[in-house]
Amino acid sequence: MDIGKSFSYQFEDKQWISKLGLGALITIVPILNFAWSGYMVGILRNVMNGAMEPLPNWDDLEKKFIDGLILFAVGIIYALPILLVVCLPLGFFAVSGVLSGSHNLQSLSNVIAGVGGVVFLSLLCLFILYGLALSIVYPAILLTFSREGTFASCFKFQDIFGIISKNPSAFFTAWLVSFLGGIVVSMVIGLVSAFVGWIPCVGWIVSFILGVGTTVYISSVYAHIFGQFSAMTFGPNQPIQAV
């Protein structure tokens, strides 16, 4: 994999300003911003197929929106365990809050609140571990969807884990580079934004633009590096086979 290429290919496209600029605008529009996830899928497909300019055009917004909407629904389903982890202790706190209104039930309220706190701290570790595991598995889900384009493909667990096990060193290299690269870029832009943010009005606008631009750039890096992984591991236009 050409890791450096994932961070620079955007600027080799003569239309990168209009393509990523429009993408940045779309990401700040509720609902319509699903299309950006579809755009990432387009980058993946282009890289997997060896396109010279991986950044897609925005001429098929409907297709990108539908792909993004599917991925949003998939994300909600995979996030359900996290939502349950959050809701369970909140339920204890809610009951405690109701009981605290009664003087006779104050002691019971304190006990329930304490149990809720213990449950929350206990589940927090599982929350972190599941979130980490999901961040590792999600690129494989995205690659499967990029190949097949269906909702059901995102739950073909044998294929998903087959992607990771086929070439684990390259996969985890791509994951680690995208993860650390995102952190570094975010930190640098964060420092710049903090500095210019002291300038009233103009500084705030610049900070906002930098924040949106950073999101678009990091996700374009993410899509490209995993597109490279797929092309290197499975070849262009080849179905992913579980191993």
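The values are calculated or read from the model by the stated rules, or taken from the named source; none is laboratory data. All values derive from a computational prediction rather than experimental measurement. So basically every Cβ, Gly included, is an ideal-geometry build from the backbone, and we count neighbours across all protein chains shown. SASA here: full protein model, heavy atoms, side chains in, ligands and nucleic acids out. Shrake-Rupley method; radii C 1.70, N 1.55, O 1.52, S 1.80 Å.
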### Query
Restricting attention to region 167-191, and to residues there that are among the β-branched types (Val, Ile, Thr) and surrounded by 15 or more Cβ atoms within 10 Å (Cβ to Cβ), which single residue is farthest from Ala140 (Cα to Cα)?
Ile189
### Summary
Given (1) in contact with a Leu (Cβ under 8 Å, 6 or more places away or on another chain); (2) open to solvent by 40 Å² or more (accessible area, probe 1.4 Å), Ala223 misses just (2)
### Task
Can you give me the number of residues within region 1-49 that are in a loop (DSSP other than H, G, I, E, B), over 24 Å from Ile183 (Cβ atoms) and in contact with a helix residue (DSSP H, G or I) (Cβ under 7 Å, 6 or more places away or on another chain)?
2
### Message
Let me confirm something: among Leu108, Leu124, which residue is open to solvent by 70 Å² or more (accessible area, probe 1.4 Å), part of a helix (DSSP H, G or I), aliphatic (A, V, I, L, M) and modelled with pLDDT under 85?
### Response
Leu108
### Message
Could you list, ordered by first residue, the pairs with Cβ atoms under 6 Å in which the first is in region 66-86 and over 23 Å from Leu129 (Cβ atoms) and the second is open to solvent by 70 Å² or more (accessible area, probe 1.4 Å), at least 6 apart or interchain?
### Response
Ile70/Phe151
### Query
Quick one: how many residues across region 33-44 are surrounded by fewer than 20 Cβ atoms within 10 Å (Cβ to Cβ) and closer than 26 Å to Met1 by Cβ?
0
### Query
Among the residues of region 155-165, is there at least one that is under 28 Å from Pro54 (Cβ atoms), assigned to a helix (DSSP H, G or I) and of a type in the set (Lys, Arg)?
no
### Task
Exactly one condition in (1) more than 16 Å from the chain's Cα centre (by Cα); (2) crowded, with 16+ Cβ neighbours inside 10 Å; (3) closer than 25 Å to Gly50 by Cα is not met by Ser146; state its number.
(1)
### Task
Could you list all residues from region 48-63 that are open to solvent by 20 Å² or more (accessible area, probe 1.4 Å) and touching a residue at least 12 places away in the same chain (Cβ under 8 Å)?
Asn49, Gly50, Glu53, Asn57, Trp58, Leu61, Lys63
